[in-house]
Amino acid sequence: MNITALISNWIESKSRLLDLGCGDGSLLKTLIDQLQVRGYGLEIDPVSINNCIRKGINVIEQDLNSGLTNLNDGSFDTVLMTQTLQSLRYPHLVLDEMLRIGDQAIITFPNFGHWRTRASLLFNGRMPVTKQLSYQWYDTPNIHFFTYKDFETLCVERQIKIVGRVFVGGYSSTLGMDRVWPNLFAQTAIYRLRK
Amino acid sequence: MQNEMNEKSFNDGLHADALTHEVTFEDPLTLACGLILPTHKLVFETYGTLNKGRNNAILICHALSGNQHAAGLNTEGRPGWWDHYIGPDKPIDTNKFFVVCPNNIGSCFGSTGPNTINEDTDKSWGPDFPPLEVSDWVNSQVFLMEYLKIKCWSAVIGGSLGGMQAMHWAVSHSNRLKSAVVIAASLKLSAQNIAFNEVARRAIMSDPDFHDGAYLDQDITPKQGLALARMIGHLTYLSDSALGRKFGRLVRNGDLDAAEKALVEFEISSYLNYQGDKFADNFDANSYILITKMLDYFDLAQSFNDEAVDAFSKSSCNFLIVSFSSDWRFSPQCSKEITDALIEANKNVSYLQIDSDQGHDAFLLPNRRYEDGLRAFLFATSNHLNGAVK
C-alpha cells in the first residue's frame, strides 16, 4: 500500500481535515476526492499556494512556526502533517497544537535511523545526502534529525497516545525488513496519534 | 422597469470593452433606515460577453471613492481604477467572464445620490439623501442583476468597502453567487478607522462653503474641506515605507540648505495637495460623508449576536480572502478573522497574505502574487462553471 492509501485508512469520510504544510495540495485533493472530507491546507510557499487554489483546494497562508492559536480546540477531526515535522522550529509544540485542534493527528516523517543515513555518517564521516533527504547540511529545511525511536520517546514525554503506526521502506519493504527492524529499514514512519 | 438602454444588447453575444449603460428602476427600494427610494438610477459599465447560459458574470463592487469605470478607457481616454486586473487575458479575464461594475447609489458618478435631483422637490438631494448601509448597495445590485437576467454571479469581487459588499452578498444572498473575493476588508471598522473617518467628515463640515450640505443650492462646493478629508484618508491608505521610498525628504521647491526655509516645499507635500485638490474636483462632499458613515455602520455579525461564524453559516460560495502585509487600515489580522470564521463555519475558503509595502492602496496596484492568486481562483471558478472535475 502506498502512503496515501495508508493515511486515508485512518480518516473518516466527510470529516474535517487540516493538512499542515500541504504543499501543492495533491494529497489533500486525493483525500477530498476519495473521502469527501472538508479539507483545508496550511502553506507558506507562494507557488504551492497558487497550485492549491488552481485545484480548488482550500489553502490558508499561515506559517506553522508562528503558532496555530487562531484555530479552536477540537475544531478538526484530523490534523495531518506529512514530511514537515523535521523542518519546524519547535516540533514538540506543533505536535501539542495538532492534538489540541484535532481529535487525532496523523504524522509522517523521514526516519533518520535508516541504514543508508547511518552508513553515510559511519563510513563517510559526512552528514548523509540521500534521495529522500537530498539537501546539504547548510541548506536543508530539515533542521531536526530524529529516528522513529526518538519520536516515540517524545510522545511518551508529552503523554501522546500512539494508536497506529506504519513503516514504509524503500526496496527493503519487499523483503519485509522494514517491519522486522523498522528503525534500520523504514524510510518513512507514519503515526496516528491521540491525546 | 424602464430601460434607458437597449435591452436587446444583453441577450446574446454582447461584446465590448468599457461599455457604459444606465438603467432606472421604477420598483421601490426599501433602505435599511426604513426610508424608501421610489425609483433609482444606476450607471454601470460592462466588459466581456455574457454567455448564453448567463452564468459567467462577475460583479465588481467599488470602494469609498470608486465608480463604474473599473476597466478599459473611458471617453476621456482614462483607464479604469482596476484596469490592471480586468480585461482580456488579465486576472479577471474578459475573454471568459462578463464583468459588471455599477456606480452605487449615494455615490456621485451618475447613479442616484446626493448630487442628483430628488423628483419630489425638483432640487438636488444634497444632505437630505437617506443614510445608507452596505445592504442597500447590495440590494440595489440585486435589481441590476435581475435587470441583466443573471440568476447567479460567477463571482462577486471587491476590495475594502467592496469586500464588505462581497461578504454581504455571501451572507444575505447565498444562492446568488458561486464565489466571493474579499480583498483588504474587515468584518467591521475599528475605533481608529472610525476616528479617521470622523476627522475627514469634520474637515468637510467645517468648510464655510459646506452650508450644512446644501452647497449645490448655492452653486458652490466645499473644495477645501473635501481636499483635506481626502489628504487624511489618502495618507492612511499608504504605508510609511512606501512614502519614504517614493518621496523621502525630496524637495520640490526651495533649498533646505538655505537660511530661508519658508519657501521649501517637500515632494510629499506637493503630491498630497495635488491628490486632495484633484479629488475635490471630482467627488461630492455629501457622498463622502454618506459613504464614510456607511463604512462606520458596517458590522457583518451584528445581527448574529456578534458571531461571524453564525453570519457565514448559510453561505454556500467559495471564498478567497486577500490581505496586504503593510495595510494598516484593514490589516492582515482583519482578513485572518474573516478567514478563521469561515473555516470554523466549515466553508470553502483560501487566504492569501500578499507581501507589499503599498499599504491599503495595494489592492488597486500591480502585484505579481496578487494577480496570480486572483487568476488561479477564477481559473478554479470557471472550471467549476464548465462542469470540470473539481
Considering only segment A:18-43, state which residues are hydroxyl-bearing (Ser, Thr, Tyr) and within 11 Å of chain B (Cβ to nearest Cβ). A:Tyr40
Hey, which of the helices (runs of 4 or more DSSP H) in segment B:297-390, taking only ones fully inside, have at least 2 residues that are within 11 Å of another protein chain (Cβ to nearest Cβ) and closer than 30 Å to B:Arg245 by Cα? B:332-344, B:368-385
Where a residue in segment A:126-153 is assigned to a loop (DSSP other than H, G, I, E, B) and modelled with pLDDT under 80 and its partner, wherever it lies, is among the aromatic types (Phe, Trp, Tyr) and exposed (fewer than 14 other Cβ atoms within 10 Å of the Cβ), with Cβ under 8 Å and at least six apart: A:Met127/A:Trp137; A:Val129/A:Tyr135; A:Asn142/A:Tyr135
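Considering segment B:239-254 alone, what residues qualify as being within 9 Å of B:Glu267 (Cβ to Cβ) and hydrophobic (A, V, I, L, M, F, W, C)? Before you say what the answer is, go through the steps one by one.
If we filter segment B:239-254 for residues that are within 9 Å of B:Glu267 (Cβ to Cβ), which is where we start, we get B:246-252.
B:Phe247, B:Leu250, B:Val251, listed by residue number.
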Quickly run through segment A:26-43 and pick out the residues that are in contact with a Cys (Cβ under 8 Å, 6 or more places away or on another chain) and more than 19 Å from B:Leu342 (Cα to Cα). none
Among the residues in segment A:83-98, are any within 14 Å of chain B (Cβ to nearest Cβ) and not in a loop (DSSP other than H, G, I, E, B)? no
Pick from segment B:213-235 the residues that are in contact (Cβ under 8 Å) with a residue 60 or more places away in the chain and farther than 11 Å from B:Ala285 by Cα: which of them is surrounded by the fewest Cβ atoms within 10 Å (Cβ to Cβ)? B:Asp217
Quick check on segment A:44-65. Is at least one of its residues without any contact (Cβ under 8 Å) to a residue 12 or more places away in the chain, out of contact with any Cys (no Cβ under 7 Å at 6 or more places or on another chain), outside any helix (DSSP H, G or I) and more than 11 Å from every other protein chain (Cβ to nearest Cβ)? no
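Can we say A:Ser15 is within 12 Å of chain B (Cβ to nearest Cβ), without any contact (Cβ under 8 Å) to a residue 24 or more places away in the chain and hydroxyl-bearing (Ser, Thr, Tyr)? Can you show your working first?
Values: within 12 Å of chain B (Cβ to nearest Cβ): yes; without any contact (Cβ under 8 Å) to a residue 24 or more places away in the chain: no; hydroxyl-bearing (Ser, Thr, Tyr): yes.
Criteria not met by A:Ser15.
Regarding A:Phe76, is this residue surrounded by 15 or more Cβ atoms within 10 Å (Cβ to Cβ) and under 19 Å from A:Lys195 (Cβ atoms)? Write out each step before concluding.
Values: surrounded by 15 or more Cβ atoms within 10 Å (Cβ to Cβ): yes; under 19 Å from A:Lys195 (Cβ atoms): yes.
Spelling it out, A:Phe76 is indeed surrounded by 15 or more Cβ atoms within 10 Å (Cβ to Cβ) and under 19 Å from A:Lys195 (Cβ atoms).
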Would you check if there is a residue in segment B:74-84 being more than 29 Å from B:Gly126 (Cα to Cα), touching a strand residue (DSSP E or B) at 6+ places or on another chain (Cβ under 8 Å), in a loop (DSSP other than H, G, I, E, B) and modelled with pLDDT under 95? no
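The values are calculated or read from the model by the stated rules, or taken from the named source; none is laboratory data. Treat the numbers as computed from the prediction; the structure is a model and nothing was measured. Quick reminder, even Gly has a Cβ in these numbers, built from the backbone with ideal geometry, and neighbours come from all protein chains shown.
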